[in-house]
Structure formats: structure tokens, C-alpha cells
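Chemist: My questions all concern the structure below.
The values are calculated or read from the model by the stated rules, or taken from the named source; none is laboratory data. Small disclaimer: the values here were computed from a predicted structure and weren't measured. So basically every Cβ, Gly included, is an ideal-geometry build from the backbone, and we count neighbours across all protein chains shown. For the accessible areas, the whole protein counts, side chains as well, though only heavy atoms, and no ligand, DNA or RNA atoms are used. Shrake-Rupley method; radii C 1.70, N 1.55, O 1.52, S 1.80 Å.
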Amino acid sequence: MFRLRFEILLNFWLTLLFVAWTSSLIAQDLTLRVGQESHRVESATRDGKTYFRLRDIAAVFELSTNETSSQIDVFGPRGTLALMDDRPLVRIGDQYILLTGPVWRRGKGNWYVPADFLEKVLPGILNTRLTKESDGTYRVQGVGRNRVRVEFLKYPDHLSVVFRSSRAGVTAVQEFRDYVEVRYGEYLVNPDSIADPPDRELITSVKFVPEEAFGTFRVGKGEKFYSFRESRLSDPPRLVLDVFPRPGTERSSPGSGATVDLPATSRPSTSREPPDEDPGQQPRIPVIVIDPGHGGEDYGVDVYQDVLEKGLALVLARKIEQRLVASGEGVRLTRFRDVDLAAEQRSAAGNFHRAKVFVSVHVGGAPSAQTSGAVVYVYDPPPAEFKVSRAAPGEGGGEGDDHAELVRWNEGQIGYLNGSRRLANLMQTELNKLFGIQNSVVEARLAVLAPVMAPAVLVETGFLTNSEDLELLGRDEFQETLAYTIARVIGKFLESR
Amino acid sequence: MKEGKWIAVALVLVVVAIGISYYLFISERDRQLAIREEVTEELDLEPEVLEDKSTGELKVKLYVYSPGATDSGKKFLRTEERTVYETGDPILTARQIVRELLAERKDVEGLSGEQRVRLRTFPPQGHLRQLYLLDDGTAVVDLSQEIVQGILGGVTWELAVIESITRSLRENVPQVKRVFFLVEGKQRRTLAGHVSIEEPFM
């Protein structure tokens, strides 16, 4: 009798011991707390990364799914997201979000997502908020309401649009071709009232779009709209957009985010295609993608603090855009304002818009004041990448017009190296003439160019660490000449294809 | 009495089982924590350590950024000769070479003192955290964050850091076939925003 009890007890504790030991070796499961209840989300480890089971997450938030062999769509109260097996990109509407690892399909109905899915992607389709309590534990909360009133204030030289809100919560102000978007997060927006614009030639309307983020306002641009400046104020929380008319009729504007003044003729985003089209519904028209380097907290070259690379790059990019648009080309900028973008976002924008040419605009910096002139860079893949590449059209690179085959994210550029080198040589030759110097095209492992599926170069338009280049780059007429030269080279390159 | 003895034995075993499981749990947790902590091993570059291991002097060629150069060809780097301790240990030689590179002797270029310091390839406050040599000939060079922060922008600057270390190690230490960079003990996508360091450099 007692022997039996002893054996039972022994077995019980040995099992407990085994469970404790093995559980300490496997990835920590996720706990989602909703009110007094806790829901466990199963985890797994792959390539050293923690993954969570999508089915468990969907069950907690009551999300429905629709699965095919390689894709799963997840339907939330505020949108739908699409996940593809073994791909790190997630699509929500017309936006793409890059995860730290690829989505993992372990079997039918058994999908796993990387840990950053929770904070990066999930809030985009939910009406609820996720708050991290500790490692592996999140609290799910319903969001509060944010009452927003939109008013206009008229000034002699500009018009101010004031968004007065009961809580702070503006997460982004973004400029598109036809409107400026004010996006709210944190709390669901409840618009109190929206006044009528007093000057419809400057602002046509302010519309509320409840399904975008936690509520989004779109400020329609009128014929006289030129640029805007945003200010975020507190007590009470409010966002003020100072909208300036086109120079000539009123006073010129201070620009919208760049640290260097914009030219009088510059106009932000211009493109042949509408910016809010559904990528799944309409074929995209290939455009030239110009990427102004750095931005936001990333200043770029900042040896002399009064001139920052990020501002100069944006000014030059806009001037190049203006020249190309004038010659009838469709152009996209990766950023219009002083915001920081990851290298992946920049190259993803190039691929998303099916760039026919991708040019990343930078200004140089070197550990020597003697280094000067423009330098054009092309991608130089690491030797191993040539061996594993199987889908890139043409070994070692071609002109690469074939978008049909899938390639690894970091190998997108390999099939386009010949085109990129040709574009780089053309550009370097012309820029050498402009600077009166003999620099060569440089091949380097540049992260921003690696995934771009188009002829792509990164151009450093002079060195801010060289006093002569610094002086030249500060002059508006030189900036115009630079932009003209680069735009002309792009045009010449496209004509010769 | 006999029953009491069995109960006592069972209790002892239970306590032992709890003790073992607790010990395994704690040791595994500590192991995981230890992995996350910074590796702060000694570099063995103190003069007394080197002198102790030294069998003589070794002349090495440092490849440093050539002022004015923009291309990545031969002219991008110029050589400077230095003398380090000969120890017969390729790792110690490699560490001494990187330390010499970091202690850059910047020539005057007509700039003020502050500007000259800011235009150093490696900032004075930067340091080598660790350098390992793997069996396949990969030298793993772990740089401090200050070195990355000292790169004040530009592809040329990043290439100057990468190529001067890579070339100096490859040309002076025959065992080094390639160089892989870490920053603060971690792998990064780029060194300072432009050049990818996800793969080793040859």
C-alpha cells in the first residue's frame, strides 16, 4: 500500500522535474490578458526567433481567416491583412509592413508569425489596444474616444487648419498628391465638427475617414496649395497645419520638413498614378523612384551642424523630381518630409512602384577634408550571393525586365546589375564634368540597393566635409544644375534601353 | 514503524526531487541570462601581458584611408608601417593591428584641432571590444558603438572603416581569410546606415 503511494509520488515529482526542465528550454508562450481572463498563445522557435501561433491570436480577438496553400487573409474590424508563407512582408490595404522574420506555415491551418507581428501589424486591423505588461504578457484594452474639432484660422499669408482634440494622438501627417492626411492613433476619433474651408482654392475640403487607423482626416489641396508646416501643441492637444499658397500671389513658404529652403517652383508628390490605388486591383505604371537619403532622427552627414545631409538630399530629390516631371516622366519620392525610413522601406517603395529606375540621393562625408566631387555607387553583392541566386535573370546581371519570377529579398538587384552599372557610368561621367574632377563609380554592398528590382544607383552629390563642395551645394543655382544633370542622365538612360 | 520509515523515505525523495528541479530551473534561467549579458573577456593587450608572451618584434603594414580617395580600388588605402609584439598567436597579432588602426595618427590637413578630431576615420573614444579567429579563417571583429557614432555620414567613411580593418588583417595575418563585423557584440544590417555587414568581407 505504502510502496504504491511512494511510487506514485516519485513518478509525480519526476514528471514535474522533467516538465520544469524542458519548459525552461523552449520558447516562452505568450499570454494575452483580457479583463480577468488570460489566454495563452502557443509559441515556437525557428532560426533562433520566437514565433506565435496565429490561430490562438485570432481566437482571442475573434478574427476570421481565409486560407489558401500559400496565403492566409485575416479579417479584423478595421481591415484585412494578408500573410504569405515564408515571406516577411505583410499587406494591410495598400501598405506593406516588414517583419523581422518570414511568416511560417507549419501545416494546414497552422500558421505562425514572428513576435513583432503583435506590435507592428496587429493594431492595424483591431479596434482594441495592446499594452505590454511584461515580457510575454500583453493586456488587451478597448480604446477610448478622442473628440476632434476642425477649425480654420485665416492669416494674410496663409491659412491654418486646427485640429483640437480631447486627447493627444496624432501619429502621422503625410502628404499625398491631392491631399494631406492627418492620422490618429491610440484612441478612436469621434469628430465633433468640421468647419467649411474659407478659401477653397487653397483647401477644397476636410474629410473624415473613420476606417483608416483610429480615424483619419484628409485635407484636400486646392489649386493655390503650395506647401504646409505642421505644429503639435498641447493643453489642449491640437495639431495646426499652416497651409501656404503658391508663391506669386502670396508670400513664399518655409517648406515642409526640410532643413534647407525649397525652391519657389518645387511641388511635392507628382505622379501619373493615384497614390491611394489598391495594389491588388490595378496594374501599376512603372515610375522613376527617387529616394532622398536619411531624414528624421537620422541626420546623415552632420560634420558642420548648420548643414545636414537629410535636408539637402530632400531638396535635391525634389528638384530632380520637378525636372523629370517637366519632361513627362512619372516620379515617386520615398519621402516628402523630414521623416526617417529604414533602408528596407526605401527599397520596398521602389519595388512596390515597379521602379524603372531607382536613384537614392545622398550627400557625401569622408574622414578627410580633401575628398570631393560626386560619387555614384552601384550594388556589389557578396560572393556567396552569386552562388545561391537562382531566380535572377541572367547570371551576373542583365537589364532585368522580367518581374515574373520570385527572388530572395536581398538578391533583387543582382539581375539588374548591368543596367545599374551603365546608369552609374553615365551619371558619374556627367557629374565629373560638373565638378571638374575625375571620380570613379564605386561598387559597394549598399543595403538600400540590394533588394531593388530595377537599375539602381546611390549618388553622393559632393562632400559636406570638403569646404568647396559645401559652398557649392549651398547655392541654389548649383543645386538646380545638379538636379538637371541627374534628371538628364536618367532620361538618356531610359531612352537608350 | 515500518510505514513511518517508508513515509520518511518518500518525503526525503520528494524534497530531493524538488531541490533538483529547482536547481535545474534556476541554472537554465541563469544560463539564458548569461547569454544575453555582454561578453567582457580580456583582450590581453596590456603591455605586461604582451611582453610576457613576446618572442620579438613584428613589423606590420597598416592600411589606412588615403585622404581624397573615393574609389574602392588600390588608391583608396595607403600603407603605414608599425611595430607590434611578435607572440606567435595570430589572434593577439590581429588585436594589436586593430588597436593600432584605432589609434590613428591623423596628419594635419589645414584644419582646426576640433575639425581634425571629427574627421578621424576612428573616433578617439572608440575601441575594439573583442576579436576572435574562427577555424575557417573568419576574423570576428567586435567594434564599440562609439566607432559607429564617429562615422559622421557617407558611404566613403563606412568603406574606410571596413576596408582598412579588413585589408590590414588579411595582409598581415595569414590565418585571416575574411572579416566579419559586429557592433557591441551584435550582428547589424549595416555598419552606419549604408554598407551591409551581414556577410563577411574578403
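Chemist: Can you pull out every residue in segment A:81-104 that is β-branched (V, I, T) and touching a Lys or Arg at 6+ places or on another chain (Cβ under 9 Å)?
Modeler: Kept after step one, since they are β-branched (V, I, T), are these residues of segment A:81-104: A:90, A:92, A:97, A:100, A:103.
Result: A:V90, A:I97, A:T100, A:V103.
Chemist: If I filter segment A:156-185 down to residues being open to solvent by 60 Å² or more (accessible area, probe 1.4 Å) and under 20 Å from the mean Cα position of the chain (by Cα), which single residue comes out as nearest to A:E321 (Cα to Cα)?
Modeler: Just the residues of segment A:156-185 that are open to solvent by 60 Å² or more (accessible area, probe 1.4 Å), to begin with: A:156, A:164, A:166-168, A:171, A:174, A:177-178.
Within this subset, residues satisfying the condition of being under 20 Å from the mean Cα position of the chain (by Cα) are A:171, A:174, A:177-178.
Working: A:T171: 27, A:Q174: 18, A:R177: 13, A:D178: 17 Å.
Selected residue: A:R177.
Chemist: I've got another one for you. Look through segment B:144-171, keep the residues that are crowded, with 22+ Cβ neighbours inside 10 Å and over 30 Å from A:T461 (Cβ atoms), and return whichever of them is nearest to the other protein chains (Cβ to nearest Cβ).
Modeler: Only one residue tops the list, namely B:S168.
Chemist: Determine whether A:A59 is open to solvent by 40 Å² or more (accessible area, probe 1.4 Å) and not assigned by TED's automatic domain parsing to the domain that holds A:F352. Let's see the steps before the verdict.
Modeler: Values: open to solvent by 40 Å² or more (accessible area, probe 1.4 Å): yes; not assigned by TED's automatic domain parsing to the domain that holds A:F352: yes.
Criteria met by A:A59.
Chemist: In segment A:341-356, is there at least one residue being outside the structural domain of A:V180 (by TED's automatic domain parsing), free of Cβ contacts under 8 Å to residues at least 12 places away in the same chain and surrounded by fewer than 24 Cβ atoms within 10 Å (Cβ to Cβ)? Break it down stepwise before answering.
Modeler: Here is the first cut: in segment A:341-356, the ones outside the structural domain of A:V180 (by TED's automatic domain parsing) are A:341-356.
Subset that is free of Cβ contacts under 8 Å to residues at least 12 places away in the same chain: none.
Within segment A:341-356, not a single residue is outside the structural domain of A:V180 (by TED's automatic domain parsing), free of Cβ contacts under 8 Å to residues at least 12 places away in the same chain and surrounded by fewer than 24 Cβ atoms within 10 Å (Cβ to Cβ).
Chemist: When you look at A:A450, is it over 27 Å from B:L152 (Cα atoms), outside any helix (DSSP H, G or I) and either open to solvent by less than 20 Å² (accessible area, probe 1.4 Å) or away from chain B (no Cβ under 11 Å) (or both), yes or no? Outline the logic, then answer.
Modeler: Values: over 27 Å from B:L152 (Cα atoms): no; outside any helix (DSSP H, G or I): yes; either open to solvent by less than 20 Å² (accessible area, probe 1.4 Å) or away from chain B (no Cβ under 11 Å) (or both): yes.
No; evaluated as a whole, the condition is false for this residue.
Chemist: I want to confirm something. Restricting to segment A:431-447 and keeping residues that are assigned to a loop (DSSP other than H, G, I, E, B) and in contact with a Gly (Cβ under 6 Å, 6 or more places away or on another chain), which single residue is farthest from the other protein chains (Cβ to nearest Cβ)? Break it down stepwise before answering.
Modeler: Residues of segment A:431-447 assigned to a loop (DSSP other than H, G, I, E, B): A:436-441, A:445, A:447.
Right, trim to in contact with a Gly (Cβ under 6 Å, 6 or more places away or on another chain) and you get A:437, A:439.
Details: A:I437: 9, A:N439: 5 Å.
Looking at the filtered set, the residue picked out is A:I437.
Chemist: Which residue is farthest from the chain's Cα centre (by Cα), if the candidates are limited to segment A:205-221 and must be modelled with pLDDT of 85 or more and buried (at least 18 other Cβ atoms within 10 Å of the Cβ)?
Modeler: A:V206
Chemist: Kindly provide the set of residues from segment A:27-56 that are within 24 Å of A:R91 (Cα to Cα), in a strand (DSSP E or B) and either open to solvent by 30 Å² or more (accessible area, probe 1.4 Å) or not assigned by TED's automatic domain parsing to the domain that holds A:L126 (or both), ordered by number.
Modeler: Within segment A:27-56, A:T45, A:R46, A:K49, A:T50, A:R53 qualify.
Chemist: Name, by its number, the condition in (1) open to solvent by 20 Å² or more (accessible area, probe 1.4 Å); (2) in contact with a helix residue (DSSP H, G or I) (Cβ under 8 Å, 6 or more places away or on another chain) that does not hold for A:R106.
Modeler: Exception for A:R106: condition (2).
Chemist: Condition first: part of a strand (DSSP E or B) and among the charged types (D, E, K, R). Now tell me which residues in segment B:166-202 satisfy that.
Modeler: Quick first cut of segment B:166-202, residues part of a strand (DSSP E or B) only: B:178-183, B:186, B:190, B:195-196, B:201.
B:R178, B:K186 - these are the residues of segment B:166-202 that are part of a strand (DSSP E or B) and among the charged types (D, E, K, R).
Chemist: Of everything in segment A:73-89 that's touching a Gly at 6+ places or on another chain (Cβ under 9 Å) and not small (G, A, S), which residue is farthest from A:L126 (Cα to Cα)? Walk me through it before giving the result.
Modeler: Step one: filter segment A:73-89 for residues touching a Gly at 6+ places or on another chain (Cβ under 9 Å), giving A:76, A:78-82, A:88.
Keeping just the survivors that are not small (G, A, S) gives A:78, A:80-81, A:88.
Working: A:R78: 6, A:T80: 10, A:L81: 11, A:P88: 20 Å.
Across segment A:73-89, the extreme among qualifying residues is A:P88.
Chemist: For segment A:289-322, which residues satisfy the criterion of being more than 11 Å from chain B (Cβ to nearest Cβ), of a type in the set (D, E, K, R) and assigned to a helix (DSSP H, G or I)?
Modeler: Selection gives A:R318, A:K319, A:E321.
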